[in-house]
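S.K.: The following block contains the structure, expressed as structure tokens.
Please treat every number below as a calculation from the coordinates, not as lab data. Please read all numbers here as calculations on a predicted model, not as lab measurements. Here the Cβ is made from the backbone with ideal geometry for all residues, glycine too, and neighbour counts use every protein chain on show.
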Amino acid sequence: MIIVGFLIGVSLTIALVFLGIFIWSMRSGQYDDTYAPPLRMLFDDKPVEENKAENKADNTR
Amino acid sequence: MESVTTTNLAPVTNKLACYHCGQPCEDEVLKVDDKSFCCLGCKTVFEILSENNLGDYYKLQSAPGQQQLRPSTNFEFLDNEEVRQKLIEFESEGYAKVTLTVPAIHCASCLWLLENLYRINRNIFRTEVNFPRKRVTLFFNPKGIDLKGVVQLLDKIGYPPHITLNAQEEQQRPSYNKKLLLKLGVAAFAFGNIMLLSFPEYLGLAETEQQFKWIFSLLNIALSLPVVFYSAWDYFTSAWKSFRIRQINLDVPLAIGIAALFLRSLYDIYMGTGPGYLDSLAGLLFFLLTGRWFQNLTYENLAFDRDYKAFFPLAVSVESDQGISTSLVVNLQKDHVMLVRNQEIVPADSDLLDEEALVDYSFVTGEARPVLRRRGEHVYAGGRIVGKPARLMVTRRVSQGHLTSLWNNEVFRKSDESRYKRMIDRTATRFTWVILSLAVGSAIFWYLNDASQVWLVVSSILIVACPCALALSAPFTYGNMLRVFGNHHFYLKNADVIERMAQVDGIVFDKTGTITNGSAATVSFKGQLNDGEQELIRALTAGSAHPLSTLIHRHLEGVPQGAVTLNGFNEVPGAGVEGMVNGHHVRIGSGAWLGMEEITTDVQSTRVYASIDGIPKGYFAIGSRQRPGLSELLQKLGKKSLALLSGDNTGDRERMSAIFPQETELRFNQGPQEKLDYIRQQQDNGRHVMMIGDGLNDSGALKQSHVGVAVTDDTGFFTPSCDAILQGSQLPALSEFLQLARQASTIVKLCFIISFLYNVVGLSFAISGHLTPLVAAILMPASSITVVSFTSAAVWFVSRNFQRPRK
């Protein structure tokens, strides 16, 4: 029966680790914005060079 | 011009939808390639974006923009060093950081565009958007672009920031929900683990395994400590507070129940009589906090408490011996001379120094037509200068002005709670007394029969009677209903507003901005005019600052333009304007002045007649646009619509009496104070009044009313002090909203009945002394789950026919 006690200890430790991770993620602001991040990674990155002329105009100002 | 129709659009509208903002193109259609735009602003934004290869903006979501009809804002005040200091968070050579609130953020396209700002201007390194807060953090090179430049760029692409110097206003709100979620997480963790550790004992432990009982029990106690002392702490403090002011709210029986559960469990475990009720305790907290979290899912990004200061400029040009400089409005002193330009708001009560000035007081009184002020006359704060810039001498500091005094009205100091007691708290009061008397009754009964059972029975009663289901019914019903309303662009400040809406038996409307569509006016010409003649009139109206001239001028903007000469321009106040254009004598103005016959059949509009070289040509009909679907709404409301309060003059009486039912009282020339008084008078007659206004000059009335609803066309830009914000296009659905609110109230009552039935079952176990931990562990979550699923299903059922509107 000692094994039961051991398993309880292990399961509680794992549960506590998960609780800790939850609290950490909450504190670090991961739930602040649940809308933007999943969209952000879907946006295609286009090279900025496409509008060189525009940038030059800006830089000369 | 208005006859442009296409067949490939939705059948509901026969007008073109703007490619940028999706609004129907009402008066004019501007074309670029094959795309149509409703206004110059929308078209400009499109052009800027396509020039910079940012056309993807329109691919991520169709018509993602906001209509650009608002007047352009003057951002000169950002040059003021004091303002700059307050806004910029970090600055070093070649690197600066600023965070701005941009209310227009609402979709994936917004996000994409704002985070690609660096492509429009190289001096912006990076942008970060916080979507739910609608805040944008910009990192830029202050050498290449200054703060004003950044803000102007945002404004140019249709995302004007709302700038406030009150940093607290923006930073105050975030932490509460976070704390609640943490508490919920802890309760969920404890709930799952305690349940797991309680199972062996429910299922029965063999004689040889009795030593485990102690391990399980001790672990359970350890796990329940954070639940009681962290997750449940708010219930204790709230119960204590309400106890101190001798009132019983719902948290009192909840706190008693939680305490009874915990203490009884400790006792049972200590005496070795049972495993205790700790799983029920953790489950209870888990459900309660879930309900609370659900109810708090309101609209964090909308501020419902903005006061007049939000509409005042932050800074104003001040004239002194050293010339003109910008000064913060809060620093304005008596006798300062300020220069207020066209379309700017006068920030403080002052006297006019110039010869004359046109002031539009619609912000203060609702009267739409500008009034003429002459030298030395008083101009109240809140007036908007139209036409020529005006020099004004401050007579009173901002905080002591005329408009401010309205906001200092006692109405604004009362908190909502003191005027209104929630249904749930009334029920809780009764509930608590019944439970307490039951407990005392059974205590006496058991004392006479079996004194050893008294303490057990009493604690059992307190445990099982804990009004968990009662506490869940309102948050879930109202929370679900809030979401339904939100889908229809009707945003409530909190869930309590629904309950108050259910009681409404009288509705009072404001006119300007509510019944009629604020700034938008329709201009149409009745008669015959060729292009050349239109051009003559356009040239003539260019010289006049009168609002009607401006409207006609804008209406004729699309006319092909050639070289024109204007001589002998003459404006006769109250009559019209005339002049020699390209050798033709052009006159527009009132019929009497032109010697033309006034047409009286058309009561819908203001008429401006036109004649060229003495030949009458016809008239321009100018009407404020009435919101569509209004008469159907008023018919549905019937006797409920109590009155129309308008700050305007009686000119619109006929038109208004045509659409309002006969019983509705029509009052004109109503100032802000009169509107407030009218609401109060109706309330004294025992009515529950809902006030529907635009939130500007009627904010006092909105606050005084039982439910104050502000109608607005751009939900993001304008969020005044009120209980609810309704998008203009959704006004016709008002009667449905009211009906849903009443149904929500009924659903809550049905939940009370369910909760009551569970309590009867539970109490019969408790009073007879049979409430074992296992019975409690089944009964308590079961009642919570029944209530939650019933209310979700019921809300879905009543709102199933209420379809989602198009964007």
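S.K.: Around B:GLU665, which amide H atoms from residues at least 5 apart in sequence, or from another chain, sit under 5 Å from its own amide H, with H modelled in the peptide plane?
M.R.: Those qualifying (amide H under 5 Å, at least 5 residues apart or on another chain) are B:ALA643, B:LEU644.
S.K.: Please report, in whole Å, how far the alpha carbons of region B:38-146 spread along each principal axis, starting with the longest.
M.R.: 39, 29, 27
S.K.: Would you mind ranking B:PHE75, B:PHE756 by Cβ crowding within 10 Å, fewest neighbours first?
M.R.: Sorted ascending by nearby Cβ count, the order is B:PHE756, B:PHE75.
S.K.: While we're looking at this one, here's another question. Quote the FRET efficiency, to the nearest 0.05, computed for B:TYR95 versus A:ASP33 with a Förster distance R0 of 35 Å and r equal to the Cβ-Cβ distance.
M.R.: Rounded to the nearest 0.05, the efficiency is 0.90.
S.K.: What average number of partner chain Cβ atoms lie no more than 10 Å from the Cβ of the residues making up A:31-44?
M.R.: Averaged over the peptide's residues, the number is 5.
S.K.: Could you work out the mean count of beta carbons from other protein chains within 10 Å of each residue's beta carbon in B:44-53?
M.R.: That works out to 1 on average.
S.K.: In the structure shown, do any of B:LYS86/B:LYS334; B:LYS675/B:LYS703; B:LYS640/B:LYS675; B:LYS388/B:LYS511; B:LYS35/B:LYS59; B:LYS97/B:LYS156 have a Cα-Cα gap over 22 Å, and if so which?
M.R.: Cα-Cα > 22 Å for B:LYS86/B:LYS334; B:LYS388/B:LYS511; rest within.
S.K.: Report, in debye and to the nearest 20, how large the dipole of region B:720-807 comes out about its Cα centre when Lys and Arg carry +1 and Asp and Glu carry -1 on their Cβ.
M.R.: 340
S.K.: With just the Cα atoms defining each centre, how far is region B:721-784 from region B:455-510? Give it in Å.
M.R.: 7
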